[in-house]
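This report refers to the structure that appears directly beneath it.
No lab work stands behind these numbers, since they all come straight from the coordinates. Quick caveat: nothing in here was measured; it's all calculated off a predicted structure. Here the Cβ is made from the backbone with ideal geometry for all residues, glycine too, and neighbour counts use every protein chain on show.
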Amino acid sequence: MIQLGLRLHDSVDLPIEERLQEVKKQGFTCAHIALSKLQGQSADPMALTPGYATYLKNVFKDAGIDIAVLGCYLNLANPDQNMLKETQDKYMAHLRFASLLGCSVVGTETGAPNTTYTYDKEACHSDEALGIFIRNLKPVVNYAEKMGVIMAIEPVYKHIVWNPKRARAVLDAIDSPNLQIILDPVNLLHYENYNEREEVFEEAIDLLGKDVAVIHLKDGVLNGEEVKSMGCGLGEIDLSTVIKFAVEKKPYIQATLEDTKPENAESCRLHIAEIEKKFM
């Protein structure tokens, strides 16, 4: 059985107590939260106190919603050393906050080797960028070990860790049980491999499956040289291979939907639930 959730900032824009009640009504059991994207909440490290964590923990508990991932999507390959240090400190603050919040995973994408976090294929996909990312991620993972929290990286084609092989290289280089994977299969797609997406999903499961902590689910269509993402069931991507993997190998894993809207979130959830039934 998969525990289905959604990105909280994709839900109806209400104060957090009311927002969570709406999420519960739509049948979700967990959420991915990015504090900076939520009305009335702060992601400033100075604000991430034990009292704030206790408040949020109780609000989620009262709503019957678990926190699957605390998102902190900042650039760990920033070449500006002052900005990099600030970013690493923010990750460590989120890891500390997650430990108080009762959230097991802090999630991140994998950046770009520039100060603007912009995609440059030659630079982002270079071996040099991969080495920089591994070096800058390592002290953050060391801190995750101290906090008893999992740091989970999310491979994305337009970032440094752009395919399963690169993700495997990061895991092997850092070699920590507190470094794991958020598997978003659609984020691995681009126009060159879109028609071979089944093979891409199978490779990701083969290389990364044992280290997958959380799954992100969305749909998509190829739009020129871009994969346009959307809620599950609204595009043309068959997620059966990933759902089968989750059901058979990752019982009770938390999987959060992306790119939903308040008006279609429940139908997107039901779409995944129908696929899941085939493998139960």
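Can you give me the number of residues within the range 36-70 that are closer than 10 Å to residue 101 by Cβ and either in contact with an Asp or Glu (Cβ under 9 Å, 6 or more places away or on another chain) or assigned to a strand (DSSP E or B) (or both)? Residues meeting the conditions: 3. Scanning the range 179-214 for residues that are crowded, with 22+ Cβ neighbours inside 10 Å and either farther than 30 Å from residue 266 by Cα or free of Cβ contacts under 8 Å to residues at least 12 places away in the same chain (or both) returns a single hit, 179.
Residue under question is residue 63, and the condition is that it be in contact with a Lys or Arg (Cβ under 7 Å, 6 or more places away or on another chain) and surrounded by 13 or more Cβ atoms within 10 Å (Cβ to Cβ); does it hold? So residue 63 passes the test.
On the stretch given as the range 225-258, residues that are part of a helix (DSSP H, G or I) and over 15 Å from residue 269 (Cβ atoms) total 8.
Please go through the range 203-250 and give me each residue that is over 16 Å from residue 156 (Cβ atoms) and hydroxyl-bearing (Ser, Thr, Tyr), ordered by number. Once the filter is applied, which keeps residues that are over 16 Å from residue 156 (Cβ atoms) and hydroxyl-bearing (Ser, Thr, Tyr), the range 203-250 yields 240, 241. Out of all the residues in the range 17-52, which are buried (at least 19 other Cβ atoms within 10 Å of the Cβ) and over 21 Å from residue 216 (Cβ atoms)? Across the range 17-52, the qualifying residue is only 48. Within the option set 157, 119, being hydroxyl-bearing (Ser, Thr, Tyr), touching a residue at least 12 places away in the same chain (Cβ under 8 Å) and surrounded by fewer than 21 Cβ atoms within 10 Å (Cβ to Cβ) holds for one residue only, 119.
For the range 215-245, filtered to residues that are basic (Lys, Arg) and closer than 14 Å to residue 259 by Cα, the residue that is surrounded by the most Cβ atoms within 10 Å (Cβ to Cβ) is 218. Residues that are of a type outside the set (D, E, K, R) and more than 18 Å from the chain's Cα centre (by Cα) number at least 3 in the following helices (runs of 4 or more DSSP H) confined to the range 71-148: 81-101, 127-147. Scanning for something in a helix (DSSP H, G or I) and in contact with a strand residue (DSSP E or B) (Cβ under 6 Å, 6 or more places away or on another chain), does the range 1-16 turn up at least one residue? The answer is yes; a qualifying residue exists.
Of all residues in the range 10-51, those satisfying the criterion of being without any contact (Cβ under 8 Å) to a residue 60 or more places away in the chain, under 18 Å from residue 105 (Cα atoms) and touching a Ser or Thr at 6+ places or on another chain (Cβ under 9 Å) are 35, 36, 43, 48. Being closer than 28 Å to residue 124 by Cα, among the basic types (Lys, Arg) and either surrounded by 21 or more Cβ atoms within 10 Å (Cβ to Cβ) or more than 18 Å from the chain's Cα centre (by Cα) (or both) is a property that residue 168 lacks. Would you confirm whether or not the range 205-224 contains a residue that is in a loop (DSSP other than H, G, I, E, B) and of a type outside the set (Val, Ile, Thr)? Looking for residues that are in a loop (DSSP other than H, G, I, E, B) and of a type outside the set (Val, Ile, Thr), one finds at least one in the range 205-224, hence yes.
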